[in-house]
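Each reported figure results from applying straightforward, stated rules to the coordinates on display, with no laboratory input. Bear in mind the structure is a predicted one, so any value in this text is a computation, not a measurement. We place every Cβ from the backbone using ideal geometry, glycine too, and count neighbours over all the protein chains shown.
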Amino acid sequence: MRIVQRSVLPGFGITMGFTITYLCLIVLIPLSGLFVVTADVSFAEIKQIMSNLLVKRAFYLTFRSSFIAACVNAFFGLVVAWTLVRYRFVGRRILDAMVDLPFALPTVVSGVALARLYSDSGWLGRAFAENGSGTRFLHNVGSWLQATGLPGVESAGAKLLASDSFPIRNTEFGITLALIFIGLPFVIRTLQPAIEELDRETEEAAASLGATRWQTFRRVLFPTLLPAQISGFAMAFARALGEYGTVIFIGGSLPGKTQTISYVIYEKAEENNLVAASVVAVVTLIISFLALLVINLVQVWANRRVIKNE
């Protein structure tokens, strides 16, 4: 007698049909609409739209800031996740709950808060104004870099010394800070389950064989955590590419300086230039998809490497 195992959910046909329908209505049809709108646009028109100096600078700023923010989050996200999982201390649950604040806050609220905090009169922004403590610290760093005499490093130190202040708001640095703020939870929440599943016996075995803590982390633990860290990096990078509400306040959307791709698309749509907005959106979508594809391939390679080492 054959025993049929029943699932909580309905059969494969119903669930698969619901999945395809849901993805089509929410994802595929809206994205396909972009390609339909741009289907009649000639290559010459696309080239003309994308060769606009403001559009090119917006692409460069967005992808560079998003990549830097994702790299920073990949490092500090690992530190925060490791601290929250491996250590028990007073206030740990409060800190763990604070990680989700960027998820809960509307992007406009976080944008206003960051803009006020890092403005020239803000609590942190004033430190980098003229004669501020942060400015003096950067001048000391510039003096140290200039004293090294190394090519490139010396010139970077000279640039730091030549600046009387280091404003954060309405600069690319401010945009990067905003992207770090909204992307950090993705890395932390991705790494926490992976850290919890680490085998303590493996660490003890490495220690018994004479490995230091750094050697154990670098050769035993980090390769296991690498796939999860790449996933967190990918999600933080993808989230940063499409951010609008946070960066518009702290960046100021200065033409050619702090305008991101999302603002350029919004601006062209407001000008009733839907063709140009659709073209920029489609190019952004294609580049983002290719970037995520490369990241996923690297993640697959890291997973295979972990399985092979096991």
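The Rg/Rh ratio of segment 165-310, with Rg taken over Cα atoms and Rh as the Kirkwood radius over Cα pairs, comes to 1.13. Subtracting the Cα-Cα distance of S42 and T212 from 0.36 nm times their residue separation leaves 55.1 nm of extension gain. Between L53 and F137, the contour length at 0.36 nm per residue exceeds the alpha carbon distance by 26.7 nm. Each stretch of four or more DSSP H residues adds -39500 (n - 2.57); spread over every residue of the chain, this sum gives -23000 deg cm²/dmol at 222 nm.
Classification of segment 164-218 by its C-alpha gyration tensor yields an oblate form. The axis ratio a/c (a ≥ b ≥ c) is 1.5 or more, and b/c is at least a/b. Within the listed set S32, S278, S288, the residue fluctuating most in the Gaussian network model of the chain (springs between alpha-carbon atoms under 10 angstrom) is S32.
Distance between the pseudo-spin-label points of R200 and I26 (7 Å out from Cα toward the beta carbon): 3.8 nm. Comparing I180, I286, I20 in a Gaussian network model of the chain where C-alpha atoms under 10 Å apart are linked, the largest mean-square fluctuation is found at I20.
3J(HN,Hα) couplings calculated from phi for segment 52-63 with the Karplus curve 6.51 cos²θ - 1.76 cosθ + 1.60 (θ = phi - 60°) are, in sequence order, 4, 4, 5, 5, 5, 5, 5, 4, 4, 5, 5, 5 Hz; Gly and Pro show x. Among L95, L184, L54, the residue with the largest mean-square fluctuation in a Gaussian network model of the chain, with springs joining Cα atoms closer than 10 Å, is L95. Classify segment 223-293: rounded, prolate or oblate, from the alpha-carbon gyration tensor (a ≥ b ≥ c, eigenvalue square roots; a/c under 1.5 rounded; otherwise prolate if a/b is larger than b/c)? Cα axes put segment 223-293 in the oblate bin. Per residue, the convex hull spanned by the alpha carbons of segment 122-210 comes to 194 Å³. Excluding same-chain neighbours fewer than eight residues apart, the aspartates and glutamates reachable from K159 by a Cα-Cα span under 16 Å are E130.
Once you have a ≥ b ≥ c as the square roots of the Cα gyration tensor eigenvalues for segment 1-117, tell me rounded if a/c is under 1.5, and otherwise prolate or oblate according to whether a/b is larger than b/c.
Details: a/c = 2.61, a/b = 1.06, b/c = 2.48.
It is oblate, given that a/c is not under 1.5 and a/b is not larger than b/c.
Calculated on the alpha-carbon coordinates, the convex hull of the chain measures out at 245 cubic angstrom per residue.
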